[in-house]
1. Taking helices (runs of 4 or more DSSP H) that fall entirely within the range 168-281, which contain at least 2 residues that are modelled with pLDDT of 90 or more and under 18 Å from the mean Cα position of the chain (by Cα)?
2. How many of the residues making up the range 46-61 are more than 17 Å from the chain's Cα centre (by Cα) and modelled with pLDDT of 95 or more?
3. Looking at the range 117-133, can you tell me whether even one residue there is free of Cβ contacts under 8 Å to residues at least 24 places away in the same chain and either of a type outside the set (Phe, Trp, Tyr) or assigned to a helix (DSSP H, G or I) (or both)?
4. Of all residues in the range 123-144, which are of a type in the set (Lys, Arg) and surrounded by fewer than 15 Cβ atoms within 10 Å (Cβ to Cβ)?
5. Sort through Ala15, Ala30, Ala42 and tell me the only one that's farther than 21 Å from Ile138 by Cβ, touching a Leu at 6+ places or on another chain (Cβ under 9 Å) and among the hydrophobic types (A, V, I, L, M, F, W, C).
Amino acid sequence: MAAPAPRPAATLPAAIARIASFMADFSVEATRPSDADIAALAVLPRGTRVYISAVPNRPADESISAAVRLRAAGFEPVPHVAVRNFTSSASLDDFLARLAAEADVRRVLVIAGDRAECGPFRRARDAIDSGIFRRRGIRAIGIAGYPDGHPRIGPEELQRALAEKIAAAEATGLSLEIVTQFGFDPQKMLDYVAWLRSFGFEQPVRIGLAGPTSLSSLLRYASRCGVRASAQALARRAGLVRQLFALAVPDDLIRALADAAPAQKGLHNVSAHFFSFGGLGATARWARAVADGRITLEGETGFKVMGPQ
């Protein structure tokens, strides 16, 4: 079913217009999307980027199939490439060749992956530096960013790795964006963008946000991904500690980022990226409503999505 029409921009209050502008180029992330999941994305504009998570120990064919189906549905598939999952340069080359030939993929997100063992690529930079992406028609890549820090990597090493990946992308003719881990503290997100800009990293940044999700699920995912402390702070702020099945939405984060964008240098090239822990369809519907300005402000920090008109 198609989404309701957006509210005319000229009629939006200034605060809502800022939120809609910030959300204009949002993306979503899917893990092993079913045909029903992809059908539920019909509320999104054609060409919306849909990132495809790399699931450990799952065959690469799953990502290729998802990319093919997303492309056929009118979206831009952006598969994760976890380089440690490939036992040889040839296996990575074949994967990229099939993505390009079967799904017209021109953009991927490059990560090391969670496996301890690896083949020729231990770090994302190793694969970027090899030139293999450009040779297979990839023109743009994303790399990971960590506003909350990394549970196993210190800040100096993170900065060095980021600089090396950016340099490798530039040397091999790839455009680059930074896609962050999801988080729950708007000041950490703003500080992270300011930190990037202070070191001269001017690449586009996609800020990771959790779509509509029960608080119990959020805490579980946050614990796995190294942002548990940030999630617990969210629970305390929202007064939901004893309401673990209450639905949490990132309205306060989006409003804080949107309000800061006109004033804070460097936020002109920042957009939202949604992790669909509570379901791809629910995330797509909520994010589209916000991007269309179909919201009402609540208090000083939040907003609520309006019901169908």
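1. Numbers: elements: 186-198, 215-225, 228-238, 251-260.
Fully inside the range 168-281 and qualifying: 186-198, 251-260.
2. Of the range 46-61, the ones more than 17 Å from the chain's Cα centre (by Cα) are 46, 56-61.
Keeping just the survivors that are modelled with pLDDT of 95 or more gives 46.
Matching residues across the range 46-61 total 1.
3. Kept after step one, since they are free of Cβ contacts under 8 Å to residues at least 24 places away in the same chain, are these residues of the range 117-133: none.
No, the range 117-133 has no match at all.
4. Quick first cut of the range 123-144, residues of a type in the set (Lys, Arg) only: 123, 125, 134-136, 139.
Result: Arg135, Arg139.
5. Values: Ala30 fails: farther than 21 Å from Ile138 by Cβ; Ala42 fails: touching a Leu at 6+ places or on another chain (Cβ under 9 Å).
After applying the criteria, what remains is Ala15.
The values are calculated or read from the model by the stated rules, or taken from the named source; none is laboratory data. Predicted, not measured: the structure shown is a model, and the values here were computed from it. Using ideal geometry, Cβ is built from the backbone for each residue, glycine included, and neighbour counts are taken over all protein chains shown.
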